[in-house]
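Asks: First the structure, then my questions, so here it is.
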Amino acid sequence: MQSGHTEFPSTDFAITSINVGDRLDHREIDDRKQQEELYAHRRWGSSSLRWLVRLAPYLLLLIVIAAAGKWVFDQIHALAPTRIAQQLSTSLQVQVTVDASHLRATPSPAVVLSGVDLAGRIRLDEVALEFTAPNLWQAMIAGQRRWGDIVISPITVNFDQAAALLGWLSSLDRAVPDSVTKVRISEVHIVGSKLLPGSYNAATRRGPDGHFGVVVLHRLGSAGTMQLQVTPDPNGGPLALQLDASDFQPPFAPHAQWTEVIASGHVSAGSLEFDQFTMGSTFGAIDGHLAVRRLTPTAWSAEGKANSVGLDIPTLLQQLVATPGQTAPEPGQEVFVPLLGTASIDAAFSGTGTSLEDALSHLVAAGEVKVRNAALNGINLGYAASRPSESTTPSTGSTTRFTRLEALFVSGPSGVLFRSIEGEAGALSTRGELSVGHDLALNGLLHVNLGGTRIQAPLRIHVRGSVASPQFVR
């Protein structure tokens with residue numbers, strides 16, 4: 001009989017539920033693993049790229065500094081004192097020595113040469129070869145030296161030393177690197193020269209032909225402006241000069257308020273020639289030419305001519321009598337002047353001396369002056385001549401108007417002498433002489449004749465006082 005008990009008999013084995021992976025499951029596990037590795041690689045690459053971007057400017061700066069340092073080191077080595085002295089000696093054909101060289105960071109980067117001695121005649125304390133960041137970059141890219149300006153420290157020289165510097169200018173293009181386009185001296189003071197008083201800034205630029213041809217001097221520390229261009233002759237001839245100035249007092253011209261001075265000429269060891277000059281002021285302009293030549297080692301001669309057709313006499317006299325620092329009269333303000341009119345001058349001047357400047361300082365001008373619309377203030381010569389018995393003092397309101405007034409004059413360091421004065425006003429005629437001292441003192445004698453049918457002795461008028469306050473005494 002079959003039993004109703006349904007339980008299985010106890011054994012040594014247990015039946016459990018186990019998930020056994022097949023091929024698809026293994027493939028999925030492998031794909032997930034590869035994806036996780038790819039994500040990890042990408043995260044590392046992205047992090048590295050971010051750090052590289054952050055460090056790139058610093059790396060670039062480090063490369064630039066290293067390249068710049070190598071370039072500067074090469075330049076200092078190339079510009080060692082002995083090497084640069086040898087190069088300058090070869091280029092300038094004179095013995096040159098250099099004491100030292102060093103790198104300067106401020107006020108502008110430069111390689112500085114110290115104690116540059118030129119043939120024992122001129123010593124330059126410092127010569128700076130400047131450069132900038134663009135110069136460094138161009139040098140690194142092109143592999144060539146790139147320089148800025150050459151700046152020479154202030155120097156004091158005499159006239160002969162200045163002439164020697166200009167003489168070496170023709171060889172300057174071979175003495176400095178090709179990339180240098182400008183050489184300047186911060187301040188030049190020429191001692192013992194009245195032709196170029198004061199201090200100047202001097203500069204020269206490389207021309208299209210590669211040579212340094214023109215030296216330009218600008219005067220320093222003066223109210224006006226003065227520019228002098230000096231151009232050496234490539235064949236060793238005289239130096240060409242071009243002067244342009246405003247509110248400038250030429251050393252050997254009459255002291256006046258010259259608003260404009262223009263001159264051109266040549267200079268050499270034995271001559272100074274201004275082929276043409278023009279000096280303008282509020283009272284008019286004077287044109288002319290001047291030549292100073294050496295006759296013997298100790299004898300110089302100067303000669304020239306000057307002329308003017310429209311000098312306003314009242315304005316000229318006001319400037320002569322004005323004291324330094326005195327303000328000019330306002331427009332419309334009445335100012336007493338002894339003579340009115342417009343003068344034309346035709347004169348020749350000459351001088352001699354033991355040197356060029358000595359000959360210029362002894363210049364004497366002689367010529368003729370004619371005055372149009374002339375009027376003499378302070379006396380009526382016709383009234384005085386018609387009443388010779390009266391001894392009244394003329395008033396400042398009296399005037400004598402001339403239809404013609406001419407005179408010969410001689411002007412020198414001691415003053416001006418007017419000779420052969422001839423004035424006409426109808427029947428009245430005036431003859432005489434008048435001297436004006438360097439202190440503007442007057443001393444002269446006028447002979448006044450009325451003419452007509454009645455014979456009268458000429459009236460004698462003595463002129464005393466000064467230009468600012470003339471006195472007419474019978």
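Asks: Around residue 370, with a cut-off of 13 angstrom between Cβ atoms, what is the net charge of the other residues, counting Lys and Arg +1 and Asp and Glu -1? Mind showing how you got there, number by number?
Replies: On the way: positive: 372, 404; negative: 346, 368, 406, 422, 424.
Within the 13 Å Cβ shell, the charges total -3.
Asks: If R₀ is 41 angstrom, what is the calculated FRET efficiency for the pair residue 174 and residue 65, using the beta carbon separation as r and rounding to 0.05? Please list the in-between numbers first.
Replies: On the way: r = 34 Å, r/R0 = 0.82.
Efficiency computed from Cβ-Cβ geometry: 0.75.
Asks: Continuing with the same structure: Please report, as a whole percent, how much of the solvent-accessible surface of the stretch 192-288 comes from carbon and sulfur atoms (probe radius 1.4 Å). If you can, show how the numbers build up before the last one.
Replies: Values: 2680 of 4780 Å².
Carbon and sulfur: 56 percent of the exposed surface of the stretch 192-288.
Asks: Let me cross-check residue 267: its accessible surface, 1.4 Å probe, with only protein heavy atoms counted, in Å² to the nearest 10?
Replies: Counting only protein heavy atoms, residue 267 exposes about 30 Å² to solvent.
Asks: A further question follows. Assuming a viscosity of 1.002 mPa s and a temperature of 20 °C, what translational diffusion coefficient in µm² per second does Stokes-Einstein assign to the stretch 200-313, Rh being the Kirkwood radius over Cα pairs?
Replies: Working: Rh = 15.7 Å.
So the translational diffusion coefficient is about 137 µm²/s.
Asks: Let me cross-check residue 262: its accessible surface, 1.4 Å probe, with only protein heavy atoms counted, in Å² to the nearest 10?
Replies: About 60 Å², ignoring ligands and nucleic acids.
Asks: Could you put 418, 336, 402 in order of accessible surface area, largest first, with the 1.4 Å probe and the full protein assembly present? Show your work: numbers first, answer last.
Replies: Working: 418 60, 336 85, 402 25 Å².
Sorted descending by solvent-accessible area, the residues read 336, 418, 402.
Asks: Computing the accessible area with a 1.4 Å probe over protein heavy atoms, can you report the carbon and sulfur percentage for the stretch 144-191?
Replies: Working: 1100 of 2240 Å².
Answer for the stretch 144-191: carbon and sulfur cover 49 percent of the accessible area.
Asks: In Å², what does the accessible area per residue of the stretch 194-259 work out to with a 1.4 Å probe?
Replies: Numbers: 3470 Å² over 66 residues.
For the stretch 194-259, the per-residue accessible area is 53 Å².
Asks: Rounded to the nearest 10 Å², what accessible area does residue 383 have for a 1.4 Å probe in the complete protein model?
Replies: Here the accessible area works out near 110 Å².
The values are calculated or read from the model by the stated rules, or taken from the named source; none is laboratory data. The structure presented is a predicted model; accordingly, all values stated were derived computationally and were not measured. Quick reminder, even Gly has a Cβ in these numbers, built from the backbone with ideal geometry, and neighbours come from all protein chains shown. Remember, those area values only see protein heavy atoms, side chains included, never the ligands or the DNA or RNA. Shrake-Rupley method; radii C 1.70, N 1.55, O 1.52, S 1.80 Å.
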